[in-house]
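So the structure is just underneath, and the comments pick up after that.
The values are calculated or read from the model by the stated rules, or taken from the named source; none is laboratory data. Given the structure is predicted, the values throughout are model-derived calculations rather than measurements. So basically every Cβ, Gly included, is an ideal-geometry build from the backbone, and we count neighbours across all protein chains shown. The protein model used for the area step is the full one, side chains on, heavy atoms only, and it has no ligands, DNA or RNA in it. Shrake-Rupley method; radii C 1.70, N 1.55, O 1.52, S 1.80 Å.
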Amino acid sequence: MAERSTAAVDVADNSGDEPLTAKADQATADGVAKNPERDTDIDQTQGRGGAEDSGRASSSTELHSGHKLARRYRLEECVTRLDGFSSWRAVDEKLRRAVGVHILPADHVRARAVLAAARSAALLGDPRFVQVLDAVEENDLVYVVHEWLPDATDLTALLAAGPLEPHDAYQMVSQVAAAMAAAHREGLSHLRLNPNAVLRTSSGQWRIRGLAVNAALRGVGSDTPQRTDTEAIGALLYAALTQRWPYESDAYGLAGLPKDIGLIAPDQVRAGIHRGLSELAMRALVNDGATASRHEAACTTPEELVKAIGEMPRVRPPEPSFSGPPEYQRTTYQQGTYGRPSAHAGGTQPVVPPPAPLQSRTGKALKWAVSALLIAALGLGSWQLADALMDRGKNSDDTNTTQTQDDGDKGAAKVAPQPLKIQSAQEFVAKGDAQHPNDVAKTYDGDTSTSWRTKSFNEGPTIAPLKPGVGIVYDLGSEMDLDAATIGLRYAGDHTTVDLYATDSAPVSLDSMHKVGSSTTTGTTATVKPSKAVKTRYVLVWLTAVPMSGYDAAAYSKAGYKQAINEVHFTGGGTTMR
């Protein structure tokens, strides 16, 4: 597949530039925020423009905190101002969430390239990348709106505390390489993949920001974008293992390699580095030949790097360390000192003699009297217990006889509700598109770690008027007595509403079913009980309101109003006898 780098979106070519990973950041930002989502990736622009771009910086400097774009995005804090463009932390007042905004004048030499790059990146829609939310030209300004992740920490900040553990480094390179391979399959490249562009969220998911856009903002291009991005991933892994930048120049808060020794393997920089990860970093960095250690072929594309990662043994997480239980300490009460004053330093605690036993004639008589009373009490209790057991047996025989004689009039005793087996299920669509129809079976497979989920909605909790609701219809196989439905949910919050519908024939619309119950919860379990006895074959679990929830790395689900169903259980009285 032909590659489409940022040069394909009208970015000025940088003839003669070295690969991006071989250069260190040389410029600093004006008032960079301490938020982990800040865009601190601010090398001096390498493309053409120079003084011409600097002359256009006046448009961006006129912006200030409190300024609104499109009467929606309120600028809060400038985190970067460089070479005619600025980057801001802002608030989307319509959706009440933080966003990031890149702004540059519409007549800027790179304005068209930035718009094209942002729109191409937005079409990718891969949750492993920080998403582009909007790209607009308005009032002589071009601005790009992207996600803001306040719970994420960039790799630069993580490495400030020391190199990553082998398992963390393995997860980072695996996820970043797989994401970039997917981007290149769609013709998109990054070209500015460095520690500032790689973020780890609070859930442990690694995400990449600035796909295509960061390079377009700074006029960076490449004739071999796949090789450039692969070498950049190798540099990230090298830094994660060694806490050193794999070039002579210092960059991103990391010291470079000693001069005049060339590129050496990570396990020669620090002791105890994972051998397989060290060789993988070299295979990505040395693109003109084999590595020095095992003479394996170099990886020149993210796809080849993903294949190499898959061939190496999986790096397992470290075993959790459990400290032994604390040594048992006797309390002062157990030691016999409760209520006594503590001994003074240097003094001896007086020993209190125990009370004298009952040795007198009166004491002996008292002991014999108590013994006799105990023996009498035990005998009386045993006799009463035997009598009660005999009466209970007699009453049980009488009850069984009465029940047998009255069976024709009273009928059998009521049987407790039993679990109802689900024969099949399918997603029910009342309006618009389906949610995830291929995941329906995960709601009754007995595995609570799998689920069917809705899409993420921008407004809520009530799904209407966008849709009357979303849900799944379950086939019980035959007409059954339905007593209750228990629905296990993935996301808590304010609030989830579940309606229960029933019908004897396969449903074709909501009107063809009758509503038998409803439940609203803020937790992760909803129980719906019909208001009266129900006999049905088909049961619809229908969500009409879902809570707001953040980005879910495990489910690759972006933030929004959404819900997921883990397991559904029905209980009832069994097959209806006619």
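Details
- Boolean, residue 272 is surrounded by fewer than 24 Cβ atoms within 10 Å (Cβ to Cβ) and in contact (Cβ under 8 Å) with a residue 60 or more places away in the chain: no
- Hits in region 164-207 - residues which are charged (D, E, K, R), touching a Leu at 6+ places or on another chain (Cβ under 9 Å) and either part of a loop (DSSP other than H, G, I, E, B) or open to solvent by less than 10 Å² (accessible area, probe 1.4 Å) (or both): 186, 192, 207
- Selection status of residue 157, aliphatic (A, V, I, L, M), within 15 Å of residue 239 (Cβ to Cβ), out of contact with any strand residue (DSSP E or B) (no Cβ under 7 Å at 6 or more places or on another chain) and not in a loop (DSSP other than H, G, I, E, B): yes
- Region 208-237, residues that are in contact with a helix residue (DSSP H, G or I) (Cβ under 7 Å, 6 or more places away or on another chain) and assigned to a loop (DSSP other than H, G, I, E, B): 209, 210, 211, 212, 220, 221, 222
- Region 511-547, residues that are under 22 Å from residue 417 (Cβ atoms) and open to solvent by 50 Å² or more (accessible area, probe 1.4 Å): 514, 515, 518, 525, 527, 529, 531, 532, 533, 535, 537
- Residue match in region 403-421 (condition: at pLDDT 75 or above and outside any strand (DSSP E or B)): yes
- Yes/no for residue 80 being within 30 Å of residue 320 (Cα to Cα) and in contact (Cβ under 8 Å) with a residue 24 or more places away in the chain: no
- In region 299-316, the residues that are without any contact (Cβ under 8 Å) to a residue 24 or more places away in the chain and among the acidic types (Asp, Glu): 311
- Hits in region 235-258 (condition: small (Gly, Ala, Ser) and farther than 13 Å from residue 195 by Cβ): 249, 255, 256
- Selected residue (only one of 421, 455, 431 is touching a Lys or Arg at 6+ places or on another chain (Cβ under 6 Å), open to solvent by 80 Å² or more (accessible area, probe 1.4 Å) and among the basic types (Lys, Arg)): 431
Conditions (1) under 18 Å from the mean Cα position of the chain (by Cα); (2) of a type in the set (D, E, K, R), marked per residue:
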| residue | (1), (2) |
| --- | --- |
| 510 | no, no |
| 515 | no, yes |
| 524 | yes, no |
| 529 | no, yes |
| 535 | no, yes |
| 548 | yes, no |
| 553 | yes, no |
| 560 | yes, no |
| 566 | yes, no |
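- Residue identified as under 27 Å from residue 92 (Cβ atoms) and either of a type outside the set (Lys, Arg) or more than 24 Å from the chain's Cα centre (by Cα) (or both) among 437, 465: 465
- Per-region count, region 458-478, residues closer than 23 Å to residue 551 by Cβ, open to solvent by 30 Å² or more (accessible area, probe 1.4 Å) and among the hydrophobic types (A, V, I, L, M, F, W, C): 1
- Among the residues of region 62-117, those that are of a type in the set (D, E, K, R), farther than 25 Å from residue 551 by Cβ and in a strand (DSSP E or B) comprise 68, 81.
- For residue 508, the criteria (1) open to solvent by less than 40 Å² (accessible area, probe 1.4 Å); (2) part of a loop (DSSP other than H, G, I, E, B); (3) among the aliphatic types (A, V, I, L, M) hold in every case but one, which is (1).
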